[in-house]
Amino acid sequence: MRLLLVEDDRKAARVLAKGLREEGWVVDVAATGEAGDELASVTDYDVIVLDWLLPDGDGLHVCRDLRARGITTPIVMLTARDAVEDRVAGLNSGADDYLTKPFAFTELLARIQAVLRRSAVTRSVVLRVADLTLDPASHRVTRGGIPISLTPKEYAILEVLLRHVGHVVTRAQLAERVWEVEPDALTNLVDVHVSHLRRKIDRERTPPLVHTVRGYGYRVGLPEG
């Protein structure tokens, strides 16, 4: 799942992004409200973590602007302001939850999962093809009802493929979505992770669901032809 972190404190942003990535998130970081607004406008995020105080304004303005444009992505607002009127202002601006600093990272994770559970997106969408399912809210993957244990990278690859069932996803697209770096040097690494994923998904199971499209990338779906 993809998360936008809007935080101008570079050290705090680095620590939060590292922890979130270790939990399996793909994280984009913006240091200003303008940059965050632009990213949220062109990228389909699952959740936005938004700091109140930003160098070019405040998170309330960003939140109101996103909601005014019809962007319904769940938003968790971070701030050192803990007065009741501040919490009310944050929620009234369109935020789904409000977390005061300092906070424990585990609480941030819990609040992110809570807003995801409440969002219409995660309530209605369990990704599936044939007897393979992936639940973005619980990060649970099953095939034929049997749980499958995946590494964070394998899970992220499978989620990207399942969000494009029946379509080819290139190696470069997987590298960009899962590793968040320039994809050219990662094509072999993508192949290795997909190979491990295929063994877990398709081993001793039929029909095979993870397919290589030679010269292009990978596709999840029933065999063609």
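Of the DSSP beta bridges with both residues in the stretch 8-115, give the percent that are antiparallel, rounding to the nearest 5.
Rounded to the nearest five, the antiparallel share is 20 percent.
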Using the 2.2 N^0.38 Å rule of thumb for compact globular proteins, work out how the stretch 31-181 stacks up: its C-alpha Rg over that value, please.
-> 1.17
Residue (of Leu134, Ala114, Thr170) at the positive-pole extreme of the stretch 108-172, dipole from beta-carbon charges = Ala114
May I ask you to give the average projected area over all directions of the convex hull of the Cα atoms of the stretch 154-219, in nm² rounded to one decimal?
-> 4.1 nm²
Over the stretch 1-101, one equal point on each Cα, no solvent: what is log10 I(q)/I(0) by the Debye formula at q = 0.22, 0.23 Å⁻¹?
-> -1.17, -1.27
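Charges only on Cβ, +1 for Lys and Arg, -1 for Asp and Glu: so what's the dipole of the stretch 3-151 about the Cα centre, in debye to the nearest 20?
On the way: 18 positive and 23 negative charges, 125 e Å.
That gives the stretch 3-151 a dipole magnitude of about 600 debye.
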Looking at the chain, how many pairs of lysines come closer than 24 Å at the Cα, when each pair is eight or more places apart or spans two chains?
-> 4
Evaluated at 25 °C and 0.890 mPa s, the Stokes-Einstein D of the stretch 7-65 based on the Kirkwood radius over Cα pairs, in µm²/s, stands at 207 µm²/s
With the charge dipole of the chain built from beta-carbon charges (+1 for Lys and Arg, -1 for Asp and Glu) about the Cα centre, the Cα from Val29, Ala104, Ala156 projecting farthest to the positive end belongs to Ala156
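For the stretch 77-225, what % of the accessible area comes from carbon and sulfur atoms, probe 1.4 Å?
In the stretch 77-225, the share of accessible area belonging to carbon and sulfur is 53 percent.
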May I ask you to compute the full-extension gain from Arg199 to Glu176, defined as 0.36 nm times their residue separation minus their alpha-carbon distance, rounded to one decimal in nm?
-> 6.0 nm
Table column - 3J(HN,Hα) (Hz), the stretch 195-210, Karplus curve with 6.51, -1.76, 1.60, x for Gly and Pro = 4, 5, 4, 4, 4, 6, 7, 9, 4, 6, 10, 10, x, x, 10, 9
Which percentage, to the nearest 5, of the DSSP beta bridges contained in the chain is antiparallel?
-> 50 percent
Using Cα pairs closer than 8 Å and at least 6 residues apart in sequence, work out the relative contact order for the stretch 59-174, in percent.
-> 16 percent
So how far apart, in nm, are the two label points at Val192 and Arg81 if each is 7 Å from Cα heading toward Cβ?
-> 4.8 nm
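Express the accessible area of the stretch 70-225 per residue in Å², computed with a 1.4 Å probe while the remaining protein chains stay in the model. Could you put the intermediate results ahead of the total?
Working: 8300 Å² over 156 residues.
Here the residues of the stretch 70-225 average 53 Å² of exposed surface.
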Unit charges on C-beta of K, R, D, E only; dipole of the stretch 64-130, Debye | 320 debye
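The values are calculated or read from the model by the stated rules, or taken from the named source; none is laboratory data. Computed from a prediction, not measured in an experiment: that's the story for all the values here. A quick note on method: Cβ atoms are made from the backbone with ideal geometry, for glycine too, and the neighbour counts reach across all protein chains shown. All accessible areas refer to the heavy atoms of the entire protein, side chains included, with ligands and DNA or RNA removed. Shrake-Rupley method; radii C 1.70, N 1.55, O 1.52, S 1.80 Å.
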